[in-house]
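The values are calculated or read from the model by the stated rules, or taken from the named source; none is laboratory data. Since the structure is predicted, the reported quantities are computational estimates derived from the model, not experimental observations. Every residue, glycine as well, gets a Cβ built from its backbone with ideal geometry; the counts of neighbours run over all protein chains shown.
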Amino acid sequence: MAAEYGALLTPTSSARRFKANLVVVLAVVATAIALVPLASVFLFLITRAVGVLGIDFLLQDPPGDLSAAGGGIRNAIAGTLEMTTLATLIAAPLGILIAIFDTEVGGRLATGTRFFIDVMVALPSIVIGIFVYSLIVVAQGHFSGFAGSVALAAIMLPVIVVSTEEMLRLIPRPISEGARALGLSRWRTYASVFLPTAVSGIFTGLLLAVSRAIGETAPLLFTALGNNFFSTDMNEPMQGLPLLIYRNALNSAFPAARDRAMGAALVLVLIVLAFNLLGRWLVSRRKPGRSTGR
Amino acid sequence: MNEEVTMAIETPLRQVSPAPSDPVRSTEIDRAVVLRLRNVDAFYGTRQVVRDISLDITGNSITAIIGPSGSGKSTLLRCIDRMHEVIPHARATGLIEYLGTNLYDARVDPAAVRRSIGMVFQQPNPFPTMSIADNVAAPARFNGLIKGKNASADLVEQCLRRAALWDEVKDKLHQSGASLSGGQQQRLCIARALALAPKVLLMDEPCSALDPVATLQIEQLMTDLRASYTIVIVTHNMQQAARVSDRTAFLTMGDDGAGYLVEEGPTGRIFTQPHERLTEDYISGRFG
């Protein structure tokens, strides 16, 4: 008895305490190191681009000659928003349905789909660009915003499938058995029980996919191509922010081009940021459930 | 707390071993058979978990299935509403007749079986994203039993009243079902099952996650529901079986690991004069 009390009163050895503290310190240092590039990129962009940004920059189209000063990036913002929206409309339903297929049907076919999706995640985006080029651009005989959207959708699809599958797998078994025991059809169970239960996770995955696609340059190079003029016609070549940044940064010897690239980069980052904040807000105010997260 | 609970607590619990001549229990033997089980076997893959169980379950009564862990009680219960086969590689054979229809006939839709035989689970499982009202009304709506707002509201009130939950939730019908206490959630699940107007209610250890007060509420509720439903309850709690059930079936695990039926009879007799030595050992706590 006395020995046990003694053990409780003996202070933890200093070596042991040192080790415990060391792990905490290492974790903090690692976090700081990870945040340094993120913060520095952001700060760099802000300091370089803050002079460029203004109403004109957002609402005017770029000059014909990118070495010329002035003009804005209106066409690129519109093109990026339009192409990303269409890409989301293509990829989200398809991705969620594939995820449902994989979790629900199972079997060899689902294993095959899952393998295919895994390969797709790892596929370099330029390869996807070339694939869509040969599939749509060559067939149609011209570059187009539509082809760009398809390429972006192909980038988004595997991200959506993987995250949705993960969320559907997290649905507690009592919930799914409850739905089964009420004789609900599988379609009904997904539409009214599973998807609403998993919606915040699915939505987060969707945001992740959008954030990734919106900044992709390579898939757009051979598909949307870029366009110096303002166009919302999906059948014509379309400008996008990454394309504009890419073309202008290539010519960064010209101060005007460099400034334009910096400004466009900051706008792109801010769009992604706004998107994420909006998404989180939408998820958090969802009615009525506010489930306990179990 | 509402009146019912207080009453339930004040009424002395029925003894674990009721008098053998308990008039209420012994006269209830020959009601119409609602569920007829014959030679039911159940498997997980190649492992047999239920062996050759034959059992008649009479209407408007409560049948308790008791037995040690692993004796196949829950599996047997899940065979009745074809929930057993939902688990991958699980299957059941034999005959289970519900009011004369073989539930395992090839033409029978398992979903239809589950709509007419309600089930309540060990873990309360209200749909977390649905309101209390929707938890009750939505499944009925999806299954085409009701249409329109008024019908929904009526059904919600009726089922919640029947599940003895109405007074506690009538002012917060639009809150999430997950916001209720465990016992309330379980009664909500019972209300949800009742909304599909089943004749049979299967309850798989419905009180094992609940505290004693909530347990008494559920037991009281079962006694109330007995007049209109056929209730089969799996329970680990022998006092519970003795308190609420009219008939008791005792299952145990054979040497091969498969559960089988030792004996079945009026609850009073099973707990006082079991025919089998195994039953006596189990109910007197001498088992395993």
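A few remarks follow.
- Per this entry, B:Arg192 is counted among residues that are part of a helix (DSSP H, G or I), facing chain A (nearest Cβ under 10 Å), under 24 Å from B:Leu77 (Cα atoms) and out of contact with any strand residue (DSSP E or B) (no Cβ under 7 Å at 6 or more places or on another chain).
- Residue within region A:208-223 that is polar (S, T, N, Q), part of a helix (DSSP H, G or I), more than 14 Å from every other protein chain (Cβ to nearest Cβ) and within 23 Å of A:Ile128 (Cα to Cα) present: yes
- Remark: pairs (first residue in region A:94-114, free of Cβ contacts under 8 Å to residues at least 60 places away in the same chain and in the same structural domain as A:Gly205 (by TED's automatic domain parsing); second residue acidic (Asp, Glu) and surrounded by fewer than 16 Cβ atoms within 10 Å (Cβ to Cβ); Cβ separation under 9 Å; 6+ apart in sequence or on different chains) = A:Ala110/A:Glu104.
- Among the candidates B:Arg187, B:Arg269, B:Arg192, the residue that is among the basic types (Lys, Arg) and over 23 Å from A:Glu177 (Cα atoms) is uniquely B:Arg269.
- Qualifying residue in region A:188-208 (condition: more than 24 Å from A:Met156 (Cα to Cα), among the hydrophobic types (A, V, I, L, M, F, W, C) and at pLDDT 90 or above): yes
- Residue within region B:204-224 that is within 11 Å of another protein chain (Cβ to nearest Cβ) and closer than 30 Å to B:Phe271 by Cβ present: yes
- B:Lys170 out of contact with any Ser or Thr (no Cβ under 8 Å at 6 or more places or on another chain), surrounded by fewer than 21 Cβ atoms within 10 Å (Cβ to Cβ) and of a type in the set (Lys, Arg): yes
- Residue within region A:120-130 that is at pLDDT below 95, within 28 Å of A:Trp187 (Cα to Cα), within 20 Å of the chain's Cα centre (by Cα) and not in a loop (DSSP other than H, G, I, E, B) present: yes
- Residue under evaluation A:Gly72, criteria (1) in contact (Cβ under 8 Å) with a residue 40 or more places away in the chain; (2) over 25 Å from the mean Cα position of the chain (by Cα), criterion not met: (1)
- Some residue of region B:169-178 being outside any loop (DSSP other than H, G, I, E, B), more than 11 Å from every other protein chain (Cβ to nearest Cβ) and basic (Lys, Arg): no
Conditions tested, residue by residue: (1) assigned to a helix (DSSP H, G or I); (2) touching an Asp or Glu at 6+ places or on another chain (Cβ under 9 Å); (3) surrounded by fewer than 18 Cβ atoms within 10 Å (Cβ to Cβ).
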{"position": "A:Ser200", "(1), (2), (3)": "yes, no, no"}
{"position": "A:Asn235", "(1), (2), (3)": "no, no, yes"}
{"position": "A:Leu244", "(1), (2), (3)": "yes, no, no"}
{"position": "A:Phe275", "(1), (2), (3)": "yes, no, yes"}
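- Considering region A:146-183, and only residues there that are more than 8 Å from chain B (Cβ to nearest Cβ) and assigned to a loop (DSSP other than H, G, I, E, B), the residue that is surrounded by the most Cβ atoms within 10 Å (Cβ to Cβ) turns out to be A:Ile171.
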